[in-house]
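Asker: Below is the structure I would like to discuss, written out as structure tokens.
The values are calculated or read from the model by the stated rules, or taken from the named source; none is laboratory data. Just so it is clear, the model here is predicted, and its values are computed rather than measured. Positions of Cβ are generated from backbone atoms using ideal geometry, with glycine treated the same way; all protein chains shown enter the neighbour counts. Accessible surface areas use protein heavy atoms only, side chains included; no ligands, DNA or RNA. Shrake-Rupley method; radii C 1.70, N 1.55, O 1.52, S 1.80 Å.
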Amino acid sequence: MIPIETIQIKPIHKYTDEEQKNLGEFGYVTDSKYRVTKTETKERTLIEIELAELVSRIYKSYTNSEEDYERYSKIASTGFSLGAYTESDLVGVVIAEEMQWNNTLLIWHFQVAEDWRRNSIGKQLMNKLTCLAKSNGIRAINLETQNTNMNAICFYRKCGFEIEGVDLSYYTNNDVLFGEVAIFMKRKIG
């Protein structure tokens, strides 16, 4: 393994399925999740998020489509996406897009190759993205993850993100019933 000091964070201008293959499988494993419940009466609506241990471990993996790579490459070409490299090998990536209408960056894809996790590469990517956003006068960085992706939520919190919202039907009309709910996180800059 190459020493962590040799990692370079630099802009990327495209993102291909070959680069994704080099990063490895995209997904997560978890033994806990945030249980999201909604109670609604005539007087008020209460949405609660509570940490809960799972009866059985969740294994989740994702496969991107050709359209995803086309969209990621188009987004990367706008100047807010970064790669972490060891010489010429991509070991981490953040694909982010400027949302001019609300002066934020939206993270579409964030991944560090499994063999390189827990080596501060993700934190370096996020710090560099924050500096890039700040130097462009952007007020915040937004992202979406799942209530079951506890590793991601914990990582994003360590990077200064806070949970700012949930969507109870972002993936399907039965997200709460199926137990996977969208969590929206934001890091305010400045």
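Asker: If I model a spin label as a point 7 Å beyond the Cα along the Cα-Cβ vector, how far apart are those points for residue 54 and residue 77 in nm?
Answerer: 3.8
Asker: Please work out how much length the chain gains when fully extended from residue 118 to residue 134, using 0.36 nm per residue of separation minus the C-alpha to C-alpha distance, in nm with one decimal. Before the final figure, lay out each step's value.
Answerer: Details: separation 16, 0.36 × 16 = 5.76 nm, distance 2.55 nm.
Working it through step by step, the gained length comes to 3.2 nm.
Asker: What whole-number value in cubic angstrom gives the convex hull volume per residue for the C-alpha atoms of region 38-91? Please list the in-between numbers first.
Answerer: Numbers: hull volume 13.4 nm³, N = 54.
For region 38-91, the hull spanned by Cα atoms encloses 248 Å³ per residue.
Asker: How much net charge surrounds residue 174 when only the other residues with a Cβ under 15 Å from the Cβ of residue 174 are counted, with Lys and Arg +1 and Asp and Glu -1?
Answerer: Working: positive: 38; negative: 167, 175, 180.
Summing Lys and Arg as +1 and Asp and Glu as -1 gives -2.
Asker: Multiply the residue gap between residue 38 and residue 151 by 0.36 nm, knock off their C-alpha separation, and tell me the result in nm, one decimal place. Could you put the intermediate results ahead of the total?
Answerer: Values: separation 113, 0.36 × 113 = 40.68 nm, distance 2.39 nm.
Gain in length upon complete extension: 38.3 nm.
Asker: Viscosity 0.692 mPa s, temperature 37 °C: what is the translational diffusion coefficient of region 105-190 from Stokes-Einstein with a Kirkwood Rh over Cα pairs, rounded to a whole number of µm²/s?
Answerer: The Stokes-Einstein estimate is 237 µm²/s.
Asker: Here is a further query. Please enumerate, by chain and number, the lysines with C-alpha under 24 Å from the C-alpha of residue 21, excluding those fewer than 8 residues away in the same chain.
Answerer: The reachable lysines, counting only those whose Cα sits under 24 Å from residue 21, are 10, 60, 74, 123, 128.
Asker: With label points built 7 Å along Cα→Cβ from the Cα atoms of residue 170 and residue 63, find their separation and express it in nm.
Answerer: Those two pseudo-labels are separated by 2.4 nm.
Asker: For region 46-125, taking Cα atoms only, what is the radius of gyration to one decimal and the Dmax to the nearest whole Å?
Answerer: Here Rg and the maximum Cα pair distance are 16.1, 50 Å.
Asker: How large is ³J(HN,Hα) for each residue in region 34-40, as worked out from phi by the Karplus curve 6.51 cos²θ - 1.76 cosθ + 1.60 (θ = phi - 60°), to whole Hz, x for Gly and Pro?
Answerer: 8, 7, 10, 10, 10, 10, 10
Asker: Any idea what the relative contact order of region 57-190 is, in percent, if you count C-alpha pairs under 8 Å spaced at least 6 apart?
Answerer: Working: 201 pairs, mean separation 25.0, N = 134.
Once normalised by length, the contact order is 19 percent.
Asker: Right, next: Per residue, what accessible area does the chain have, given a 1.4 Å probe and all protein chains present, in Å²?
Answerer: Working: 11160 Å² over 190 residues.
Accessible area per residue: 59 Å².
Asker: Any chance you could give the angle, 0 to 90 degrees and rounded to 10, that helix 66-76 forms with the longest Cα principal axis of the chain?
Answerer: Taking Cα atoms only, the helix is inclined about 70 degrees.
Asker: Rg/Rh for region 51-185 to two decimals, with Rh computed the Kirkwood way over all alpha-carbon pairs.
Answerer: So for region 51-185, dividing Rg by the Kirkwood Rh gives 0.96.
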